[in-house]
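Following: one structure in structure tokens, then a few remarks.
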Amino acid sequence: MAMTPERLIRPASIAVIGASSQRVTAGNEVLANLREERFPGDIHVVHPTASQIDGIATTPKIGRLPPGVDVAVIALPAPKVLGALRELELAGCAGAVVPSARFTPEVTDDLRAYLGETRLMVHGPNNMGIINLTDRVPLWTQRGGISRLNAGNVALVAQSGAGSIFVPRSTRDGVYSKILSTGNEWGLTTADYVEWLSQDDATEAIGLVLESIADFARFRHAISLARSAGKPVAVLHVGRSAAGQRATTAHTGALATPDDFYSMLFDELDLPRANDYDELAAIMEAYSRPSARRAAGPRVAATMISGGQAALLADLAPQYGVRMAKLEPATVARLEELVPGLSGRTPLDVHGGAGGGAIDYAEVFRTLLGDSGVDTLMVVGGAQDSMSLAELTFEVPIWNAVDAAFPGAGKPILVVSSSARSLNPYVEAELRAPIPLLRGIRAALAAAAAIGANRPVRAADVSRAGLDEGEIARIRHELSGTQGPLAPALTARLLAAYGIHGPRAQLVENPEEVAAAITGMRFPVVVKANSPDIPHRTEAGCVLTGLTDLASTEAAVKTVLENALRLTGRDRLVIEVQEQVEASLEAVVGFTSSPPAGVAVIVGTGGVLVELLADRSGALAPVDAETATAMIENTAFGKRLGGYRGLVPPTDPAPLADLVRRVSLLAADFAGLLTDGDLNPVLVRPGSGVPVVVDALLVRA
């Protein structure tokens, strides 16, 4: 059961352990911050020898603290932290903030084992602390700095200490309600804080800086609570490199990097992502302004005074999922009246169409805001601190027009400086409307995407229709004694239990058995080695296709058998003879696991070039038919199904989507037992879209 961090964030009594009477430690910095903010509650300082520290009388032992202390800050070397935590628990303390770092492996194991059992709430270790700007409680290990910011209405939860400082320093003052540097999160996690913040009246939106998520299910639940409370959330995910990707047997595993699992989770939750501190800061700035917090979607109308700027913004917008709004004919006609010669396509180079005449910018903005195809208005201009007074004076009519258009706008307005340089105080003073003033086009596009995201979280209802639950249970029991790639016969049984079938096939051990085996089959046929020791049979010369008669099939069985015996070192192998399926569309459907994230199901272009083309879309399993269809549509393969350039007739994606649903259920059901799975190729018949699985590989953990 999750613990609420209420008493850590809003403490009435605080103990500081590790402050010094002779030097400045993290504990002394916390004491200084509390004194400067005139913390009204009780402050206790624990020190074994000093009678007072920084003017506060000390207590010699943790055990002598009064019962019921809300939170203790443990500013001690790593080896002493565990002992202090145990004493605090015995003393009846509710929680602890642990900024300490550099734990040895042995101390780490002991501390994490303790944290898995204790009811003491622990924040950290390896963090900067907690700043409650709403109630002026700075449990922060750096004196002054961001702990002195004025209170706002958005919260920041950052596993990175640097992120907890640099993101607030990239926004104006008065944006943040709470700043939480959570560090290693061996105790309380980001999910705990998001759950609490979803109920915090002073917090209206949340930003996250994440390195990892220990429990995807808890994180989902926390985001769902925030969304239900009407509080948008945005995330900056760092540490996204695939350098640590594990080796994998199946193609699907090579197509899903560790970061892909996070991307799938964020896509599932419609959680907008920033690429750096500046972008997250811009999103937080936008979230802090109620008028700009929510947009109906990602369609943006942008204005600027430069054709080059317009082209740049149009180039960058697709990278952020932002679409340039298509203006209605009435809007285009009105703009032509206001600015003769103005193009009817956004982004709009307003000044370039003016012919040197005066422009009623306010009416231009009102016209764009009144267009039903516009979700957000973005006004781009110069606002850098390096601009001269003459240059800034040129921009003043634009800022004044934004002020004039703001009342009754009904849609978000983002004012954007064309550069990421610091903003000029002159512009900040001139722009009086309570709307975001953002630095840089990329950051502004990230904000535009973020305010159009955060749709309600929808729980997937994945149908189990067509599954043989009894056979699934039997195979689960059989898998307990296996490892590595499953035998093809077992693979076929497991797929069949999920209603997934391949073409007609027979098994033989030598060429002499071929004639009887293929009785009733239609040529051409395919010959394959039937061995779990050869996972990628095509590359190994253990698959031969296009066999049109008995003689060629017998010869193929002989060749494949020789190749397979040589590769495996076995004395005996089984060869599969399979009816060849003629289809011009090769897909891959598969799954791969990455604890603790879960299992991802993948669909995309298949065949022998699956890894080279890397055309795939993924989602965390299981997925319903609607999600599976969206996955297919998000790939180049899906565009081919749509009849791209007449290469194939328009093809129904529903049968393939149903296959993806079934595979996702298999993947979810056998999570922890099967690590990877490939159905490749899956031959999709043009027109009908009926998929046929002609090769499959499932790998036991």
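Pairs of lysines in the chain whose Cα atoms sit within less than 27 Å of one another amount to 6, provided the residues are eight or more positions apart or on different chains. Here the 3J(HN,Hα) profile of segment 623-628, calculated from phi with Karplus coefficients 6.51, -1.76 and 1.60 at θ = phi - 60°, is 10, 8, 5, 5, 5, 4 Hz, Gly and Pro shown as x. Here the translational diffusion coefficient of segment 261-311 follows from Stokes-Einstein with Rh set to the Kirkwood radius across Cα pairs; for 4 °C and 1.567 mPa s it amounts to 96 µm²/s.
The charge dipole of the chain, taken about the Cα centre with unit charges on the Cβ atoms of Lys, Arg (+1) and Asp, Glu (-1), comes to about 1060 debye, rounded to the nearest 20.
Calculated translational diffusion coefficient of segment 259-343 (25 °C, 0.890 mPa s; Stokes-Einstein with Kirkwood radius over alpha-carbon pairs) equals 157 µm²/s. Summed over qualifying helices (DSSP H, 4 residues or more, each -39500 (n - 2.57)) and divided by its residue number, the chain shows a 222 nm mean residue ellipticity of -10000 deg cm²/dmol. In the context of the full protein assembly, I305 retains an accessible surface of approximately 50 Å², using a probe radius of 1.4 Å and ignoring ligands and nucleic acids.
Relative protection proxy for 131-137, 582-588, from highest mean packing down: 131-137, 582-588 (other beta-carbon atoms within 10 angstrom).
In this simple spin-label model, placing a label point 7 Å from the Cα along the Cα-to-Cβ direction at both A636 and D403 gives a separation of 5.3 nm. Scattering from the C-alpha atoms of segment 1-97 alone, worked out with Debye: what is log10 I(q)/I(0) at q = 0.14, 0.18, 0.20 1/Å? Each listed q corresponds, in turn, to -0.47, -0.79, -0.98. In this structure the chain gives 41 Å² per residue of accessible area when probed at 1.4 Å with all protein chains present. The Rg/Rh ratio of segment 325-462, with both radii computed over alpha carbons and Rh defined as the Kirkwood radius, is 1.02. Summarising the amide proton neighbourhood of H237: residues at separation of 5 or more, or on other chains, whose placed amide H is nearer than 5 Å comprise L210, A274. Computed over neighbours whose Cβ is under 10 Å from that of L585, the net charge equals +1, Lys and Arg +1, Asp and Glu -1. Per-residue surface analysis assigns S372 an accessible area of about 80 Å², computed on protein heavy atoms at 1.4 Å probe radius. In the chain, Cα pairs under 8 Å separated by at least six residues give a relative contact order of 9 percent. Between A420 and S21, the contour length at 0.36 nm per residue exceeds the Cα-Cα span by 139.2 nm. In this label model, E562 and S212 are separated by 5.1 nm, measuring between points 7 Å along each Cα→Cβ vector. Using a cutoff of 8 angstrom between alpha carbon atoms and counting only pairs six or more residues apart, the relative contact order for segment 46-143 works out to 22 percent.
For segment 444-504, run through the trypsin sites (Lys or Arg not before Pro) and keep only the ones in DSSP coil with at most 14 other Cβ atoms within 10 Å of their Cβ. Counting only loop positions with at most 14 other Cβ atoms within 10 Å, the trypsin sites (Lys or Arg not before Pro) in segment 444-504 are R458, R464, R504. Stokes-Einstein diffusion coefficient for the chain at 25 °C in a medium of 0.890 mPa s, Rh from the Kirkwood formula over Cα pairs: what value in µm²/s? The calculation lands on 84 µm²/s. Once you reduce segment 86-122 and segment 435-456 to the center of their Cα atoms, the two points are 39 Å from each other. What the Cβ-Cβ distance of D652 and L467 gives, at R0 = 30 Å and to the nearest 0.05, is a FRET efficiency of 0.85. Peptide packing: for 518-528, 73-83, the average count of neighbouring Cβ atoms within 10 Å per residue gives the ranking 73-83, 518-528, highest mean first.
The portion of the accessible surface of the chain made up by carbon and sulfur, rounded to a whole percent, is 51 (1.4 Å probe; DNA, RNA and ligands excluded). Label point of R645 set 7 angstrom out along Cα-Cβ; within segment 662-701, amide nitrogens under 20 Å from it belong to 686-687.
The values are calculated or read from the model by the stated rules, or taken from the named source; none is laboratory data. Predicted model, so just to flag it, every value in this text is computed and none were measured. Please note: Cβ atoms are built from the backbone with ideal geometry, for glycine as well, and neighbour counts cover all protein chains shown. With ligands, DNA and RNA removed, areas are computed over all heavy atoms of the protein, side chains included. Shrake-Rupley method; radii C 1.70, N 1.55, O 1.52, S 1.80 Å.
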